[in-house]
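> This is the structure I have questions about; it appears just below.
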Amino acid sequence: MLNILVLGLGQCGNRILDAMNREAFGRGGAFAKYYTRQKFPASVKTIAINTAINDLKGLVDTRAKDRLHVPHLHGVGANRSIGKRVFGENKEIIMSEIDKRGTFDLIFIITSAAGGSGSSFAPLLVRELKETYTNAPIICITVLPFREEGSIFLQNAAFCLKDLIDEKPAGVLLVDNQYLKKYAGDIKSAYDKINTTTARRLLFLIEALNSEMLMVTDLGDLKTVMNGGIGIGTMGFYEASKDSTIKSAILGSFKPSGLLFPTNVYKEGARAMLIIKGDKKYLDLDLITKTIEELSNEVGQVFKGVLVQRGKPRVLSLFTLNSVPELEKLYAIAAEAIRSERERQDKSKSQLDSAFSHIEDLEPIY
Amino acid sequence: MIIRQYEDRPSTESVTYTLSKMGFKVFRIEDGHDLYYSNDARMYTENDIRVHAKKKFFDKMVIELNNEMRLIFVHGDETEAKAFLDNLART
């Protein structure tokens, strides 16, 4: 059985982790965590790490022992410099808490690139984990912000992602809030849906990696996929209807509607892994093999895993990319936001200086 | 049953490993004694190795290797037999 560690950093990471824990409790309702055990598809250990205690308190389905508060008042206020310092000061606490969970075959770090705690902890944590757990690939699930969230968040996202890639984790899987906003009208239900979707896809992947499969793909294949291209990728998903063929289900998982990050897989894909689950009657292996051979011509190496499970076929695609034009756009917006923020700061400072200059050679008269 | 011809002879270990990855447990390995009639050679040849495996009570698979003709015989559910050959090719 695979030993997997899932770390949720910062508010966003905590909430996706909470959604994973909720899924693992099944349909037991709000009190399930008090009387049932989590049913993860593998040996999964989870820890929610945050500097803001209120965010940790807000988690519903994460057990108290799986919440780690890194003491620093009430969060780092989206300031990555403070976040990095706080991580340095509390590194031992964090690493010893992880160490208590044993050894791991695979580590997921879920974080927002835009916030304070998560975005500053993630790159440093990758460095520490790589030193301690040398054989476990580390995959970062990184959530990009809404573009209108403000210049600080955009700036954080730009620098966090760069720091993260510099640390060379096994791979970075992107989730784009801006792209997924289409899911729901209001912001709260959009967040809830994004968190649940991301959590379900991760659990789908974990279950497949830990199962005996009809057509086998494993952790080694996942590493190879994540090594492809520039090490950045995303996930797609498709659930087939009753009458659709397995081919349309496979191709459906590459469609923009199922992706977590906007990209053209056929143009930009480097390597891919497809995991297909469904009833045996839907699994035409010849058609699956043929479809994947066709895809390999366009996308590059495609690994396949087939799992016999009740229900209609569901396909998870996970791929790395050769280029990420959407990320270039994000960096252009972030750079513009940083420049205009600096101009505003300079202007305000010169205004304040000129206001103070009125009393420069004066003394108080009483 | 599915019959395929192979280039490189699969080892018993790789057959066992592939079966275990698919959730099958090997419970008997024996020297083969099934005869296979070859149209090319116009003769019967004896299969060399026979591997018996099962997953659930009724879910069984038997793999036979015929080294002389470079053939692999997979007895069992057709979907699983195809999947086995695909998985074996990757090991």
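The values are calculated or read from the model by the stated rules, or taken from the named source; none is laboratory data. From a predicted model like this one, the values you see are computed outputs, not experimental measurements. No Cβ is skipped: glycine too gets one built from the backbone with ideal geometry, and neighbour counts run over all protein chains shown.
> Counting only residues that are surrounded by 11 or more Cβ atoms within 10 Å (Cβ to Cβ) and among the hydroxyl-bearing types (Ser, Thr, Tyr), which one in region B:21-59 is nearest to the other protein chains (Cβ to nearest Cβ)?
So the residue we want is B:TYR36.
> Would you mind listing the helices (runs of 4 or more DSSP H) fully within region A:264-366 where at least 1 residues are outside the structural domain of A:ALA158 (by TED's automatic domain parsing) and small (Gly, Ala, Ser)?
Qualifying helices (runs of 4 or more DSSP H): A:285-299, A:325-357.
> Ok, one more. With respect to the numbered conditions (1) aromatic (Phe, Trp, Tyr); (2) within 14 Å of chain B (Cβ to nearest Cβ); (3) surrounded by fewer than 19 Cβ atoms within 10 Å (Cβ to Cβ), which one is the sole condition not fulfilled by A:PHE303?
Going through (1) aromatic (Phe, Trp, Tyr); (2) within 14 Å of chain B (Cβ to nearest Cβ); (3) surrounded by fewer than 19 Cβ atoms within 10 Å (Cβ to Cβ) one by one, A:PHE303 breaks only (3).
> What is the residue count in region A:71-86 for residues that are basic (Lys, Arg) and over 10 Å from A:GLY115 (Cβ atoms)?
Initially, region A:71-86 is screened for residues basic (Lys, Arg), giving A:80, A:84-85.
Then keep just the ones that are over 10 Å from A:GLY115 (Cβ atoms); that gives A:84-85.
Of the residues in region A:71-86, 2 are basic (Lys, Arg) and over 10 Å from A:GLY115 (Cβ atoms).
> Might you let me know whether region A:280-298 holds any residue that is more than 14 Å from every other protein chain (Cβ to nearest Cβ) and within 25 Å of A:LEU144 (Cα to Cα)? Full working, then the answer.
If we filter region A:280-298 for residues that are more than 14 Å from every other protein chain (Cβ to nearest Cβ), which is where we start, we get A:294-295, A:297-298.
Okay, now just the ones that are also within 25 Å of A:LEU144 (Cα to Cα), so none.
Checked against the condition, which is being more than 14 Å from every other protein chain (Cβ to nearest Cβ) and within 25 Å of A:LEU144 (Cα to Cα), region A:280-298 yields no hits at all.
> For region B:27-67, how many residues meet the condition of being under 22 Å from B:ASP86 (Cα atoms) and part of a loop (DSSP other than H, G, I, E, B)?
Matching residues across region B:27-67 total 6.
> Of A:ARG80, A:ARG15, which residue is of a type in the set (Lys, Arg) and closer than 16 Å to A:LEU202 by Cβ?
Values: A:ARG80 fails: closer than 16 Å to A:LEU202 by Cβ.
None of the others qualify; the one that does is A:ARG15.
> Next question. Which condition number in (1) free of Cβ contacts under 8 Å to residues at least 40 places away in the same chain; (2) within 14 Å of another protein chain (Cβ to nearest Cβ); (3) outside any strand (DSSP E or B) is the one that B:THR18 fails?
Here B:THR18 meets the rest and fails (1).
> Considering only residues of region B:68-88 that are assigned to a strand (DSSP E or B) and crowded, with 17+ Cβ neighbours inside 10 Å, which is nearest to the other protein chains (Cβ to nearest Cβ)? It would help to see each step written out before you state the result.
At the first step, the residues of region B:68-88 found to be assigned to a strand (DSSP E or B) are B:71-75.
Checking the rest, the ones that are also crowded, with 17+ Cβ neighbours inside 10 Å come to B:71-74.
Values: B:LEU71: 20, B:ILE72: 16, B:PHE73: 18, B:VAL74: 13 Å.
By that ranking, first place goes to B:VAL74.
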